[in-house]
Amino acid sequence: LFNMSAVAGLRAGRTLPDKVKIVEVGPRDGLQNEKTIVPTETKIHLIDMLSASGLSVIEATSFVSPKWVPQMADQVEVMKGIDRKPGVSYPVLTPNLKGFQAAVKAGASEVAIFGAASELFSKKNINCSVEESLQRFDEVVRMAKEAGVRVRGYVSCVLGCPYEGNVAPEKVAHVAKRLYSMGCYEISLGDTTGVGTPGSMSDMLEAVSREVPVNALAVHCHDTYGQALANILVALQMGISVIDSSVAGLGGCPYASGASGNVATEDVVYMLHGLGIQTGVDLSKLMDAGAFICRTLNRRTSSKVAQATCKL
Amino acid sequence: MGNVPTAVKHCLSYEQLIQDYPWLKRLLLEEKNITGHEYPEFVRIVEVGPRDGLQNEKEIVPTGVKIQLIDMLSGTGLPVIEATSFVSSKWVPQMADHTDVLRGIHREPHVRYPVLTPNLQGFHDAVAAGATEVAVFGSASETFSKKNINCSIDESMLRFEEVIKAAKERQIPVRGYVSCALGCPYEGHIEPSKVSEVAKRLYEMGCYEISLGDTIGVGTPGSMFKMLQSVMAEVPTNALAVHCHDTYGQALPNILIALQMGVCVVDSAVAGLGGCPYAQGSSGNVSTEDVLYMLHGVGVETGVNLAKVLEAGDFICEALGRQTNSRVARARGRTL
C-alpha cells in the first residue's frame with residue numbers, strides 16, 4: 001500500500017544523472033590560454049580527433065579580434081577546415097555582433113557569449129560593465145534567434161574573482177537569469193580562478209537553480225587549486241548534467257603563473273564512468289587526442305589519468 | 001473526520017512510517033548524507049608525508065632533514081604525524097634511520113607520532129626507541145600481500161596478532177591499514193566484501209582505527225561508496241579512515257564522498273610526497289594542502305594551519321630538489 005513514488009520524489013534531483021554531456025573546450029579555451037601559437041592544421045586535426053572520440057560538443061574557436069587573441073586569428077580557416085561530424089555541435093565564441101556575423105558567415109550553427117559575475121572582472125576583461133555587456137549580448141541573441149542559431153551563455157567568476165575576491169551567489173544568479181531569459185539555451189557557470197570548493201559550489205548552485213532550471217545549467221571548473229573534480233561531484237549531486245572540460249587540461253591559469261587551469265576531460269570522464277554515468281566518450285581515443293596535442297605543444301599533459309597510463 | 005484509511009494514516013505519521021518500514025529510515029538517512037550538505041564537524045588529518053611520502057621518493061633524505069620536516073609539521077596543528085617505519089633497512093633503505101628519527105624529533109604535546117611495525121621485531125625496536133603508537137599493514141589482495149610482504153593475508157594477520165598482543169600489554173594503540181581497498185596492481189578489481197573482511201579482522205584483533213587505502217589511486221567516488229558501504233556494515237564508521245592516492249586525479253572527490261558517508265579521518269602527505277611505485281612518473285599520495293583547502297572550504301574544522309603546512313612543503317621540496325604535487329602550493333606561486 002505504501003507509495004513508492006513518494007520515496008522517488010524525495011530522491012528527485014538528488015541522485016546522480018544517468019547521462020552527462022561533456023562540453024569539450026580544449027580547442028578554444030584550452031589553446032587560447034597556451035603560450036605557443038598552434039598552427040591551423042594542428043587545431044583542425046585536434047578537433048577531428050576529438051570528434052572521433054564520441055564527444056558531442058566541441059568548442060571550436062572564437063570570433064574575437066585577432067589583435068586581442070592572436071591564437072584565434074585563424075578562426076575562419078579552422079571553422080571551414082574541420083570535419084563536421086553529424087550529431088556533434090561546434091559552438092564558437094562571439095563577443096559581439098561583428099563576431100557573430102563573421103561566425104555565421106564561416107558556417108557556425110551555435111555560438112557562445114561570455115558574461116561575468118564580477119564588475120571588476122568585466123571591466124578588466126572586456127572593457128565594460130556587466131550591464132553593458134548584457135546589452136551587447138542581447139543584440140547577439142536577437143540576431144541569433146532570427147538566424148536560427150543557438151546561443152550558450154557563460155558566467156565567469158562564479159566562485160570568486162581575481163580582483164574582487166568573494167562573489168555573492170545572488171550576483172551569479174542574477175547574471176545567469178538575465179542570460180537565460182534573453183534566450184541562451186544553457187548557462188555555463190565558470191570557476192575562473194579555480195578557488196571554489198564543494199562548499200562554495202553548492203551555495204552558488206542553490207542560488208542559481210532558484211532562478212534557472214537545473215537542466216539548463218553547466219559547470220566549468222578550473223583545477224588551479226585541485227578542487228575541480230570534487231566541485232564537479234557536488235554539482236552532479238545537485239542535478240547538474242553538463243560539464244565543461246579540456247582535453248589534457250589544456251590552458252594554464254592566466255592569473256596564477258605556472259598553475260593549472262581547465263580540468264582535464266580524461267580525468268572527468270574517468271570519474272563519470274566510475275560512477276556509472278554514461279558520457280558517450282571513448283576514453284582511449286580521447287587520450288590519443290590529448291597525447292597528440294601535448295606532443296605538438298611540447299608540453300606534459302595536465303591529466304592525471306593520462307600521466308598514470310603513459311608508459312614512460 | 002470519519003474512518004481514515006490506513007495508507008493515509010501512514011502518510012500522516014512519519015514515525016508510524018518508519019516503524020512499519022524500517023528500511024525507509026536507512027534510505028532517508030543515506031539520502032541525507034548523499035546530498036552533500038552534511039559533513040563531519042571535525043576531521044582528523046593523519047600526515048603520512050615523513051613515512052609513506054619519503055618512503056616512495058627516490059632520493060635518500062638525510063636524517064637531519066627528516067627531523068626538521070617532522071618538527072615543522074608538528075608546529076602546524078596536525079594531530080597525527082607518521083614519523084618512520086621499523087622495517088628492515090635492507091627492504092626500505094629510506095627508513096634505515098628510524099631510531100635516530102624517532103629519538104631526534106621534538107615531540108609536540110597533543111601530537112601523536114605513530115610508526116610502522118610490520119612484525120614483532122620491528123615492534124620491540126620501535127618501543128625501545130620511544131614509540132607510543134604503532135601501525136600494521138594488511139592487504140585486501142592476496143597477490144599484493146605475497147609480493148609486498150612475502151606472505152598470504154592469513155599469515156600476515158598472525159604476524160599482526162603478535163604485534164597487537166604485545167602492544168596491548170604496553171597499552172600502545174595500534175592502527176590497521178588495508179591496502180588495495182579499491183583495486184590491486186596485480187589482481188585488478190577487489191571485491192568490497194574482501195576489504196570489509198580484512199578490516200573487520202584487524203578491528204576485532206584490537207586496532208583502534210582502520211585506514212582504507214586506495215593504493216594505486218584507481219578508485220572513483222562510485223567504487224569508494226560501494227567499498228565503504230560494505231566496510232561500514234562490519235566496522236563502526238568512527239573507526240575508519242581513508243587513505244587516497246591521487247594517481248588518477250580522483251583523491252579529492254573520493255575523500256569528499258567518504259566524508260559525506262560519515263568518515264572523519266583522512267590520511268594525506270605534505271606536498272603530495274611519494275610517487276606511485278606502480279605507475280612510473282605518476283603521483284601517489286594526495287597532498288595535505290589540497291585536502292585542507294577542500295575541508296576548510298566545506299566548513300570542516302581540522303585544527304591545521306594551511307600556511308604553515310605550505311612552508312613545510314616548500315622546505316621538503318627544496319631539500320628533495322623536486323616540485324610540489326600540491327595544486328594549492330603551485331597556485332600560490334611556490335614553484336622551484
- Note on the structure: Expressed to one decimal in nm², the mean projection of the alpha carbon convex hull of the stretch B:81-127 is 3.2
- Would you mind checking the tilt of helix B:251-260 against the longest principal axis of the Cα atoms of chain B, expressed as 0 to 90 degrees and rounded to 10? 40
- Message: At 0.36 nm per residue, and after removing the present C-alpha to C-alpha distance, how many nm does the segment from residue B:71 to residue B:323 gain when stretched out fully?
- Response: 88.6 nm
- Task: For the protein assembly as shown, give the magnitude of the charge dipole about the Cα centre (Cβ charges: +1 Lys/Arg, -1 Asp/Glu; no others), in debye to the nearest 20.
- Result: 980
- Item | Spacing of the two label points (7 Å from each Cα toward its C-beta) at residue B:152 and residue A:284, in nm | 3.6
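Starting with the highest mean, order A:127-137, B:177-187, B:126-136 by the number of other Cβ atoms within 10 Å, averaged over the residues of each peptide.
Details: A:127-137: 16.1, B:177-187: 23.5, B:126-136: 20.5.
Put in order of decreasing packing, that is B:177-187, B:126-136, A:127-137.
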- Sticking with the crude label model, points 7 Å out along Cα→Cβ, report the distance from residue B:162 to residue B:200 in nm, one decimal please. 2.7
- Angle in degrees between helix B:221-232 and the longest Cα principal axis of chain B, rounded to the nearest 10: 80
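Based on the mean of other beta carbon atoms within 10 Å per residue, what is the order of A:222-235, A:170-183, most packed first? Walk me through the numbers before you get to the answer.
Values: A:222-235: 28.9, A:170-183: 20.6.
For the peptides A:222-235, A:170-183, the packing ranking is A:222-235, A:170-183.
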- Item | Computed over chain A, Cα set: Rg, Dmax in Å | 18.6, 69
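For residue A:210 and residue B:237, what is the calculated FRET efficiency with R₀ set at 41 Å and r taken between the beta-carbons, to the nearest 0.05?
Once the sixth-power term is evaluated, E becomes 0.80.
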- Message: Can you give the log10 of the normalised intensity I(q)/I(0) at q = 0.07, 0.08, 0.12 Å⁻¹, computed with Debye over equal Cα scatterers of the protein assembly as shown?
- Response: -0.48, -0.62, -1.21
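Could you work out the per residue convex hull volume over the alpha carbons of chain B, in cubic angstrom?
Working: hull volume 49.5 nm³, N = 336.
Taking the convex hull of the Cα positions in chain B, it is 147 Å³ per residue.
I need to check one value: relative contact order of chain A, counting alpha carbon pairs closer than 8 Å and at least 6 residues apart, in percent.
20
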- Task: Consider just the alpha-carbon atoms of the stretch A:198-248 and return their Rg together with their Dmax, both in angstrom.
- Result: 10.7, 34
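Please compute, for peptide B:280-289, the average count of beta-carbon atoms on other protein chains lying within 10 Å of each residue's beta-carbon. Present the calculation step by step, with values, prior to reporting the outcome.
Working: counts 5, 6, 8, 3, 0, 0, 1, 1, 0, 2.
Per residue, the number of nearby Cβ atoms from other chains is 3 on average.
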- Message: Run the simple label-point estimate for residue A:40 and residue B:41 please: 7 Å along Cα→C-beta, distance reported in nm.
- Response: 6.5
- Note on the structure: One would report the Cα pair-distance distribution of the stretch A:63-131, bin width 10 Å, in %, as 19, 46, 27, 8, 0
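Taking beta carbons within 10 Å but only from partner chains, what does the mean come to for residues B:253-259? Please report the intermediate quantities before stating the final value.
Details: counts 14, 5, 1, 9, 5, 0, 1.
Whole-number average of other-chain Cβ neighbours for B:253-259 is 5.
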- How high is the FRET efficiency between residue A:67 and residue A:300 when r is their beta carbon distance and R₀ equals 30 Å, given to the nearest 0.05? 0.45
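Using only alpha carbon positions, build the gyration tensor of the stretch A:169-312, then give the equivalent ellipsoid semi-axes as the square roots of 5 times its eigenvalues, largest first, whole angstrom.
Numbers: eigenvalues 156, 55, 35 Å².
Semi-axes from the Cα gyration tensor: 28, 17, 13 Å.
Given a Förster distance of 45 Å, report the FRET efficiency between residue A:166 and residue B:63 from their Cβ-Cβ distance, rounded to the nearest 0.05.
0.50
Note the direction-averaged projected area, equal to a quarter of the hull surface, for the Cα convex hull of the stretch B:217-336, in nm². It would help to have the intermediate numbers written out before the result.
Working: hull surface 30.7 nm².
Across all orientations, the stretch B:217-336 yields a mean hull projection of 7.7 nm².
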- Task: Please report, in Å, the Rg and the Dmax of the stretch A:1-143, where both are computed over Cα atoms only.
- Result: 19.0, 69
- Message: What does the structure give for A:219-225 when I average, per residue, the other chain Cβ atoms found within 10 Å of the residue Cβ?
- Response: 3
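Read-outs: derived from the displayed coordinates by stated rules, not from any lab. Quantities reported herein were computed from a predicted structural model and do not represent experimental measurements. With ideal geometry, Cβ positions are generated from the backbone for all residues, glycine too; neighbour counts draw on all protein chains shown.
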